[in-house]
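The values are calculated or read from the model by the stated rules, or taken from the named source; none is laboratory data. Computed from a predicted model, the values in this text were never measured in an experiment. For neighbour counting, all protein chains shown are included, and Cβ atoms are generated from backbone atoms with ideal geometry for every residue, glycine included.
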Amino acid sequence: MVEITAKSRCVVRPPVKWAGGKSRLLPQLEPLFPDKADCLVEPFVGGGAVFFHLQPPGAVLMDSNPELVNFYLVLRDEPDLLLADLKKHRNTIRYYYRLRSVNPGALTCVQRASRFLYLNKTAYNGLWRVNSRGLHNVPYGYYKNPRIVDEENLRGVHLLLKNATIMLADFSRVLEIAAPGMFVYMDPPYHPLSKTASFTAYTAGSFDEGEQCRLAGVFRELDRRGCRLMLSNSDTPFIRELYRGYEIKVVTARRVINCRPDRRGPVTELVIRNYDG
Ligand SMILES: C[S@@+](CC[C@H](N)C(=O)[O-])C[C@H]1O[C@@H](n2cnc3c(N)ncnc32)[C@H](O)[C@@H]1O
């Protein structure tokens, strides 16, 4: 067993801003992580706040967003080419919309990763949101000095990713790698608090109640296989019912992504675990 502790961690920030990112919640999550684990598995890695915080010696990072996963793969395998391409971008409205309209399928992997990070840094609210056809549809952000190339942090991220297996995959594929002792942190798109309050547009598909039930089934199967499990979700009766029988802790979060400022106040969220401590 390898320890996950704060001893030898370096300061590396998540390289992208991501809806539902867990950076602000880390002080509340920290006491809930297991002391020891063989390996960290994140089936919904997103911006990777937990991975970059824990910096485990081994990890499997999965997500169903092809642009995000391509970015991590390129940063892990071709950091110099990526940094060189990133330095070519310009922060103007014309350039932004021109690059946004480019079909990522027509680009090299490095160009795609570079376009992804550029749009993440210069789009309104730093959002990555796609329409039903999978096309990025966030307007230009008008930021004066967006940090498109934070070379020092990107090099730190590259070093951490070198120990990680990175997969473009549906969360259910975690069952292919699950082994006793693994720590699996699951941070899916949240069950909406109301019919209009959801943000699940990370990818072209939607994450509805059927998906939440499918995820709960995977959670129970991983539990049977002896993995240590921690899952974040919204505090709704549906989610509490879905994970009845497991330990449920309440944490307080500040919701950032809501177009109405009056709906950005604190909300409670659930952390569901199959272990104590
Ligand atoms: C709440 S975000 C994760 C945030 C992350 N923990 C962070 O700190 O930035 C949810 C992620 O799940 C991914 N996702 C959505 N549906 C998925 C699926 N079926 N399988 C795997 N990943 C999925 C989205 O692309 C998104 O990155």
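Considering only segment 130-139, state which residues are of a type outside the set (A, V, I, L, M, F, W, C), out of contact with any helix residue (DSSP H, G or I) (no Cβ under 6 Å at 6 or more places or on another chain) and within 15 Å of residue 104 (Cβ to Cβ). Passing the criteria: 131, 133, 134, 137. Within the option set 242, 222, 193, being within 27 Å of residue 56 (Cα to Cα) and either out of contact with any Leu (no Cβ under 8 Å at 6 or more places or on another chain) or at pLDDT 95 or above (or both) holds for one residue only, 222.
Scanning segment 118-152 for residues that are out of contact with any Phe, Trp or Tyr (no Cβ under 6 Å at 6 or more places or on another chain) and part of a helix (DSSP H, G or I), we see that the one that is surrounded by the fewest Cβ atoms within 10 Å (Cβ to Cβ) is 152. Taking the criterion of being away from the ligand (no atom under 15 Å from the Cβ), of a type in the set (A, V, I, L, M, F, W, C) and surrounded by 20 or more Cβ atoms within 10 Å (Cβ to Cβ), would at least one residue in segment 85-106 satisfy it? Taking every residue of segment 85-106 in turn, at least one turns out to be away from the ligand (no atom under 15 Å from the Cβ), of a type in the set (A, V, I, L, M, F, W, C) and surrounded by 20 or more Cβ atoms within 10 Å (Cβ to Cβ).
Please tell me if residue 72 is touching a residue at least 24 places away in the same chain (Cβ under 8 Å) and within 14 Å of the ligand (Cβ to nearest atom). Judged against the criteria, residue 72 is a match.
For segment 206-250, taking the residues that are aliphatic (A, V, I, L, M), assigned to a helix (DSSP H, G or I) and under 22 Å from the mean Cα position of the chain (by Cα), the one that is surrounded by the most Cβ atoms within 10 Å (Cβ to Cβ) is identified as 222. Remark: pairs (first residue in segment 154-181, within 17 Å of residue 53 (Cβ to Cβ); second residue in a strand (DSSP E or B); Cβ separation under 9 Å; 6+ apart in sequence or on different chains) = 160/59; 161/59; 161/61; 163/59; 164/40; 164/59; 164/60; 164/61. Selection over segment 34-68 of residues that are crowded, with 18+ Cβ neighbours inside 10 Å, more than 9 Å from the ligand (Cβ to nearest atom) and within 20 Å of residue 168 (Cβ to Cβ) gives a count of 7.
When the residues of segment 17-28 are filtered to those that are touching a residue at least 60 places away in the same chain (Cβ under 8 Å) and more than 7 Å from the ligand (Cβ to nearest atom), the one that is surrounded by the most Cβ atoms within 10 Å (Cβ to Cβ) is 25. Taking the listed residues 14, 31, the one that is surrounded by fewer than 21 Cβ atoms within 10 Å (Cβ to Cβ), away from the ligand (no atom under 16 Å from the Cβ) and not small (Gly, Ala, Ser) is 31, with no other qualifying.
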